[in-house]
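The values are calculated or read from the model by the stated rules, or taken from the named source; none is laboratory data. Everything numeric in this text was worked out from a predicted model, so none of it was measured. A quick note on method: Cβ atoms are made from the backbone with ideal geometry, for glycine too, and the neighbour counts reach across all protein chains shown.
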Amino acid sequence: MKAARTWALVGSVGLAVSFTAVMAGQAVAKPTPNRVTLRGSLTPAQERAHPAGKVAANSAVSFDLALKLRNAAGAQKFVRQVSSPGSKLFHHFLKTSQWIARYGPTNASIAQAKAWLRSQGFKVGAVPKTHLYVPASGSARQVERAFGVTLGYYLVNGNKVRLANGALSIPGSLAGSVTGTVGVNEFVETNGLAVQGRSPAAKPAEAEPGPPAGFRNPQPCTHAFNTTPDTADHSSLYNPPFSSPLNYDICGYLPRQLRSAYGLSGSVAAGDDGSGVGVAIVDAYDSPTLLADSQRYFAQNDGTHPLTAGPTGQFFNFAPAATDDFGLCAASGWRAEQSLDVQAVHSMAPGAAILYVGASDCTDAGLLAADLCLSTISSGNDRKLGPKSQKRGFGHNSRSFEVT
């Protein structure tokens with residue numbers, strides 16, 4: 001194990017490669033000499049099969065203009081090497097400055113993208129340290145004019161989302177700098193844990209969604225598969241019919257059972273428990289009871305491996321500055337996802353540190369911004385936690401996090 005605590009990420013390169021993977025792909029030439037199409041920016045026709053109205057011209061739209069890597073093939077190769085045991089570069093991670101020098105978008109690309117956005121009337125935000133994109137905001141009318149599309153609302157998987165009616169295009173002069181956008185076409189990530197009881201909009205902006213309705217697995221149930229058969233009920237009660245007796249549903253496995261199932265019990269008992277390593281988790285929103293809920297879970301189910309917090313503890317939190325889209329995201333359901341993720345990590349690696357980063361919402365732009373927030377928590381630089389984090393007791397404002 002490493003002596004220093006490190007976060008289990010592939011640093012800026014890993015973030016960059018995964019970032020470009022979700023972009024509208026690279027710019028490709030159209031017959032019109034002055035414009036190029038952003039490949040992959042046309043959403044599938046089935047997603048636009050159920051229109052739900054036009055986006056008002058003065059509607060606010062925030063998006064990221066993604067910039068090309070200066071050596072995308074080299075970045076992909078490096079990610080494979082740095083992540084592959086046996087490679088000479090295995091775990092030889094890059095610092096942010098090294099990543100930018102080798103693979104990152106150039107300062108000239110950034111300047112060109114900013115100039116174009118401003119010429120279209122957009123407000124330009126701060127470029128992240130990774131140089132991967134330029135954030136911008138403006139009206140729907142400005143977006144339509146800049147990218148040569150019209151925007152509409154569509155029902156996709158039960159969600160009302162904003163989509164462009166065609167492929168986005170940009171001036172040919174930007175083809176060497178820009179690879180796509182995030183946020184013009186909306187994508188909603190779901191957690192599948194609680195879709196009922198969608199939360200209303202939150203006020204104030206930094207408020208968090210409330211908890212979902214409680215759920216208890218009905219008794220009797222079993223703590224392991226195939227150990228408690230149902231001998232009381234007739235097979236005719238099952239639809240479709242199965243041969244009886246059937247086993248009762250599982251109430252839930254204990255952490256020690258999960259470690260045993262994956263063959264980790266011996267390693268954890270011998271001290272190979274993840275100590276010296278950190279795991280970063282990104283989910284939508286940030287439950288104010290996430291730490292307390294998880295600590296109670298381990299007190300009840302795995303008392304020999306408590307989850308500790310504070311400046312020298314295991315659990316650290318980075319809260320979103322603001323939250324939105326509660327109704328769109330079925331926001332309350334994300335509390336269960338947050339707890340599941342934290343508890344799963346600590347169950348399997350009870351010695352590892354956990355950094356939880358909450359996104360402002362469940363859209364692709366919100367989650368991506370939280371992902372890239374990790375790149376600012378860099379080695380050797382103190383990163384102050386937001387006031388919400390400090391109030392909850394997650395870390396200290398002089399705590400230094402290392403991202404590898």
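For (1) farther than 28 Å from L94 by Cα; (2) out of contact with any helix residue (DSSP H, G or I) (no Cβ under 8 Å at 6 or more places or on another chain); (3) not assigned by TED's automatic domain parsing to the domain that holds G327, each residue gets a yes or a no:
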residue	(1), (2), (3)
F147	yes, yes, yes
N159	yes, no, yes
G166	yes, yes, yes
S173	yes, no, yes
G176	no, no, yes
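Return a yes/no flag: does region 57-68 have any residue that is assigned to a loop (DSSP other than H, G, I, E, B), in the same structural domain as A101 (by TED's automatic domain parsing), free of Cβ contacts under 8 Å to residues at least 12 places away in the same chain and within 25 Å of the chain's Cα centre (by Cα). Within region 57-68, not a single residue is assigned to a loop (DSSP other than H, G, I, E, B), in the same structural domain as A101 (by TED's automatic domain parsing), free of Cβ contacts under 8 Å to residues at least 12 places away in the same chain and within 25 Å of the chain's Cα centre (by Cα). Consider region 327-346 and keep the residues that are in contact with a Lys or Arg (Cβ under 8 Å, 6 or more places away or on another chain) and crowded, with 23+ Cβ neighbours inside 10 Å. The one that is farthest from K160 (Cα to Cα) is S332. Return the pairs, sorted by first residue and then second, in which the second residue is polar (S, T, N, Q), the first residue lies in region 35-51 and is in a loop (DSSP other than H, G, I, E, B), the beta carbons are less than 6 Å apart, and the residues are 6+ apart or on different chains. Hits for this filter: R39/Q26; T43/N185. With respect to being in the same structural domain as V55 (by TED's automatic domain parsing), farther than 19 Å from G366 by Cβ and not polar (S, T, N, Q), K123 falls outside the description. Each residue in region 311-325 was checked for being in a loop (DSSP other than H, G, I, E, B) and not hydroxyl-bearing (S, T, Y), and 9 pass.
Can you confirm whether Q196 is in a loop (DSSP other than H, G, I, E, B), touching a helix residue (DSSP H, G or I) at 6+ places or on another chain (Cβ under 9 Å), modelled with pLDDT under 80 and exposed (fewer than 13 other Cβ atoms within 10 Å of the Cβ)? Against the criterion (in a loop (DSSP other than H, G, I, E, B), touching a helix residue (DSSP H, G or I) at 6+ places or on another chain (Cβ under 9 Å), modelled with pLDDT under 80 and exposed (fewer than 13 other Cβ atoms within 10 Å of the Cβ)), Q196 qualifies. No other residue among G176, G152, G166 is assigned to a strand (DSSP E or B), modelled with pLDDT of 90 or more and small (G, A, S) apart from G152.
If you go through region 84-100 and keep only what is part of a helix (DSSP H, G or I) and either over 26 Å from the mean Cα position of the chain (by Cα) or of a type outside the set (A, V, I, L, M, F, W, C) (or both), you end up with T96, S97, Q98. The numbered conditions (1) touching a Leu at 6+ places or on another chain (Cβ under 7 Å); (2) closer than 23 Å to V178 by Cβ; (3) not basic (K, R) are all true for A146 except (1).
Evaluation of D283 against the conditions (1) part of a strand (DSSP E or B); (2) within 22 Å of G214 (Cβ to Cβ); (3) touching a Lys or Arg at 6+ places or on another chain (Cβ under 8 Å) shows that the sole unmet condition is (3). The single residue among V28, V13 that is at pLDDT below 95 and within 28 Å of L94 (Cα to Cα) turns out to be V13.
It is to be established whether one or more residues within region 243-258 are surrounded by 14 or more Cβ atoms within 10 Å (Cβ to Cβ), in a helix (DSSP H, G or I), in contact with a helix residue (DSSP H, G or I) (Cβ under 8 Å, 6 or more places away or on another chain) and among the polar types (S, T, N, Q). No, region 243-258 has no match at all. Filtered by the rule that a residue be surrounded by fewer than 17 Cβ atoms within 10 Å (Cβ to Cβ), touching a strand residue (DSSP E or B) at 6+ places or on another chain (Cβ under 7 Å) and of a type in the set (G, A, S), region 153-187 gives a lone residue, G172.
Taking the criterion of being at pLDDT below 95, surrounded by 13 or more Cβ atoms within 10 Å (Cβ to Cβ) and either in contact with a Cys (Cβ under 7 Å, 6 or more places away or on another chain) or more than 16 Å from V61 (Cβ to Cβ) (or both), the residues of region 110-129 that qualify are V127, P128, K129. Residues in region 289-302 that are buried (at least 16 other Cβ atoms within 10 Å of the Cβ), over 18 Å from C362 (Cβ atoms) and not polar (S, T, N, Q): L291, D293, Y297, F298, D302. Taking region 293-310 as the range and being hydroxyl-bearing (S, T, Y) and part of a strand (DSSP E or B) as the test, no residue passes.
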